Structure formats: C-alpha cells, structure tokens
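Take a look at the structure below.
What follows is calculated from the coordinates using simple rules that are stated; it is not laboratory data. Note that the coordinates shown come from a computational prediction; the quantities given were computed from them, not determined experimentally. Here Cβ is always computed from backbone atoms with ideal geometry, including for glycine, and neighbour counts include all displayed protein chains.
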Amino acid sequence: MTSPEARRPIVAANWKMNTGPHDGAELARAVAAENLPFAQVDVVLCPPATGLTAVAQAVQGTPIGVGAQHVYWESSGAFTGEISVPMLTGLASYAIAGHSERRQLFGETDLDVQHKTLAILAGGLTPIVAVGESLDQRDAGATLTVLRTQITAVLEALSPEQSAASVIAYEPVWAIGTGRNASPAQAQEAIGWIRDTVAAAHGCPAAERVRIQYGGSVSPENCEELLGREGIDGALVGGASLDAAKFAAIVRAAAP
C-alpha cells in the first residue's frame, strides 16, 4: 500500500465570489510571501474568473498554482456567461467541479460534474472534484450512499489513470461556510469510504494515488487535528483563505 507520505498534500483556496483583479492579486502576493513549505505541499489559489489573469501574473515564478472555480464542458459556442477549459490556457492548471454551492444553488447534477471533469482532464488541467452530503442525508444515515453515488457518477467515465491524477474534495454541505466542521473522525471515515469507492471502480493502485482533501470551515484552529489524520491529503479552504496568514497556517499544517 502507498503510504500517506507518498501522496503529496494539496491545499486549495476557494475565494468564491470575493476579490476583484486588484485585491485578488494583492492577496495572491501576500500568500506567496508567507514562506510556505512548497517542497512538501501543493498550493493552489482559485479566484473568481475576473481575477484569474491578475492572480496568475501575481504568482508567476512561484510554485503556487492557479485554479478556476467553475467551467463549462463545451469548448466554445453560444453559452453566454460560461467559461470553457480552453479559455483557461496559460491562466489555470486546476479547476473545481461539483462544489456543493454549484450543486445546491445552481442545480448542477452528478452528470454535469462528470462532463466537467472529463473536459478539465481533456484540457490538461487537474480537476478538484467535490462531493459531500447534506445535514439531512447525514442524519438519515445516508452519507455513504450519497458519496458513492456522487463519486461513482464521475469515476465511471474515467480511466484508472485519470482517477489517480485527479483530486477529490470531501466537503459535507452542512459544514460549508457554517463554522461547523466535520470532526476529524467523521472526515477521516468519509474520505476512507471515498477511497474505497475509487478502489472498487479502478483498483487499489488508483485509490492509493488519488489525493482526497477535506473542505468545510477549515481554519487555523482546527486544521492541525484534521490534516494530521491519515488519509486526509490536504484541504479545500473557503473563508479562511481570504486571509493570507490564516491560509498559510493551514498550508503549514498539511506538510508531512
């Protein structure tokens, strides 16, 4: 079995609908100045689309990666307001697919997430595929079923190599922006289920290689306990990522 140390942790900042080009670039430069453990952790900033160019320029020459928060799966066409993967050439190397806010607020389906993931991979980017259950689903004991359904919908369209090269983010919907995070034990258990689902679909080698983050009210106060758990390969960070020092603390906690 691959040891957790063999999977390089990844911490991604999802700035959501915050920051424009100028303040986004300032925040990116502040993160880059934090003397982060780049030799041990992959660091990614996901600004709004309007800030992608400015942030990419601000981190040029640093190990920081840039990601898109949202893409459409068609490469071009009459899709007003959408952004395709080819449009990200030279700007981003990652893209998020299936964030709970896209699912909950904009009606994105498991099939939509599958299409997006395929487009991201086809464009040479790394997908960060988010999955997670609602509070009602957790209280009903349906967490495992929900996670298996969401991740299987994506995995069934991928090869084992594509699965292994992707990043999966476990983000319980009830912990997104609420200040209530999953306990380390809950996060570890859910991530273990996700890894088992990858193994069932594409074999143990793919499951051992795929990186699975935790996302949901991650903060400097809880990150060490969460990220210290075996099998949790980093974090997808929301609100705390808007503060360079707080985000830096989370990145440092992810270092092996």
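Couple of notes before you dig in:
- Here the Gaussian network model covers the chain, with springs between Cα atoms less than 10 Å apart; of L158, L45, L227, L158 fluctuates the most.
- Over the chain: helical MRE at 222 nm, DSSP H runs n ≥ 4 each giving -39500 (n - 2.57), nearest 500: -11500 deg cm²/dmol
- Stretch gain in nm, segment L111-C204, where the contour uses 0.36 nm per residue and the Cα spacing is subtracted: 31.0 nm
- If you take the Cα centroid of the range 230-256 and the Cα centroid of the range 1-80, the two points sit 13 Å apart.
- The chain shape via C-alpha gyration tensor axes, a/c threshold 1.5: rounded
- Packing-based ranking of 172-179, 136-143, 65-72 yields 65-72, 172-179, 136-143, ordered from highest to lowest mean Cβ neighbour count within 10 Å.
- Full extension of the segment from M17 to T149, taken as 0.36 nm per residue of separation minus the current Cα-Cα distance, would add 44.7 nm.
- Spin-label model, A165/A122: points 7 Å from Cα along the beta carbon direction are separated by 1.4 nm.
- For D233, the residues 5 or more places off, or on other chains, whose built amide H falls under 5 Å of its own are I212, Q213, Y214.
- Comparing N14, N181, N222 in a Gaussian network model of the chain where C-alpha atoms under 10 Å apart are linked, the largest mean-square fluctuation is found at N222.
- Peptides 186-194, 103-111 ordered by packing proxy, namely the average of other Cβ atoms within 10 Å per residue, highest first: 186-194, 103-111.
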